[in-house]
Amino acid sequence: MQCKLASGAGMSLNEKFITGRLRKRLLRSPVIDGWLCDEEDQLAPERSSLTLDKLPDDAMGIRIPSRQDYAKLTPEAAAWINDGGELEVTVGWPEQLVILRRDGVVVYAEGDPVHFGALPLDAEHSLRRSGYEYLDASTTEVKIELELDCNDEVQTTLLGPAESAKFGPYSVFHERSFDPSDRQSSLRHHGYFVRIRRDANAPIPQPPNLDLLHPLDIESPGKLVELARRYRQLVDDEAMYSEPAEFKEQLKLYEGAGTALEEAVRGVGPSPPTFRRRGETLQVVTASVSRGQRGETLIGRATILLHPTRVMTVSRLQLQSLPGRMRRPHSSA
C-alpha cells in the first residue's frame, strides 16, 4: 500500500501552545516563561507564564487559559521537568505536543512534536512526518512515515503501532496514531503520538552560533531581519522592504522610476511583513528587491527562519521583474 502524504488541511486544527524557558520556584510549582501563541494567528503572541501543576500518577499539566482542562505531560516528560537543570519547553493543545530542549538540543519529546513541520533536533538532525498508511481497509489507525535529515542525507522509515527506529543519537517510538483524512469517521481531526528520546550518553553539542539570539528573545520582525543581515544571510544586492535604510539605498540604484518600484515591492506583500512563531521556530515573510546576475530588477518575497538550534535559513521566491536596470551596489566588505 502506498503511503499518503501527511495530513491535509481538511483535518487541521488551530493548535495553541506556549514556548519558553523552565523557571523553578522555591516551594512553588515551576512555570514555563515565554510566549503564548496559536497556530492560525487569531491572537498575537503574548508574553505569558503558565504553571506546571502536578497531576495523578506522576504526570503534570498546564491549565489552559480561559478553560478548566489541562494540557498534559506524561510521567516521562514530567520526570525531566522535576529533574532540574535549564530546559526550553514547548507544550501544545488540543493535540498533545511536548518538546524539551537543553541548550537548543531536543532531549525528549512526545505527542506530535512534528505538528508544525520539520522538527530540528540539533544543528545536524531534523525529523518530519512525511506520510501515513492505514493498517487495513476500514480503520483510521495508521502507520507513520518519518524522514530524518542528517547533514542533507535523508533516512526514511515506516513505523506501525509500538514500533521504533534509531536515528543517530535519537530513538523514535511510535505509540499509536489515527488519521481520518481519507476515511469516513466520527473523529474530527488526526491524533499522532510518538516519543523521541536522545541517548543519555550522547554529549550535548555546542550551538553553532552562540552569539546568535534565541527565537524566544526576539520580539519584532525588524530584529530578525537585522540579525539575518548581520550574519550575512542577506547579500549586498538585495534589500527587504522591512529594512527602511537598506531599501532606500537600493532604490537609489534603480535606473527607473523609484516610486513605481516601491509600489511594486509593496504590492507583492505582505505589508507589513508577517511575524509568526511556528512552534519553537520564528518566521518572518517580507517583500524584497534585488539585482539579478545581468542587472535586472527582481521583486519577490523572502522567508527568514530562526530555529531553536540557533540555525538561521533564508528562502527566496522571485515574483516579478521590472524594466530598468539595477546598478551594482558598492561592496560592504
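Per-structure values
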{"item": "Selection status of Arg195, part of a loop (DSSP other than H, G, I, E, B) and surrounded by fewer than 20 Cβ atoms within 10 Å (Cβ to Cβ)", "result": "no"}
{"item": "Lone qualifier among Leu305, Leu322 - being modelled with pLDDT under 95, of a type in the set (A, V, I, L, M, F, W, C) and assigned to a strand (DSSP E or B)", "result": "Leu322"}
{"item": "Val172 vs. criteria of a type in the set (A, V, I, L, M, F, W, C), under 20 Å from the mean Cα position of the chain (by Cα) and at pLDDT below 95", "result": "no"}
{"item": "Pair list, Cβ < 7 Å and 6+ apart or interchain, from segment 83-108 residues that are free of Cβ contacts under 8 Å to residues at least 24 places away in the same chain to residues that are in a loop (DSSP other than H, G, I, E, B) and not basic (Lys, Arg)", "result": "Leu100/Leu87"}
{"item": "Residue identified as under 27 Å from Ser126 (Cα atoms), of a type outside the set (Val, Ile, Thr) and either under 27 Å from the mean Cα position of the chain (by Cα) or surrounded by fewer than 19 Cβ atoms within 10 Å (Cβ to Cβ) (or both) among Ser271, Ser315, Ser288, Ser321", "result": "Ser315"}
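The values are calculated or read from the model by the stated rules, or taken from the named source; none is laboratory data. These figures come from a predicted structure and were not determined experimentally. FYI the Cβ positions are ideal-geometry reconstructions off the backbone, even for glycines, and counts take in every protein chain you see.
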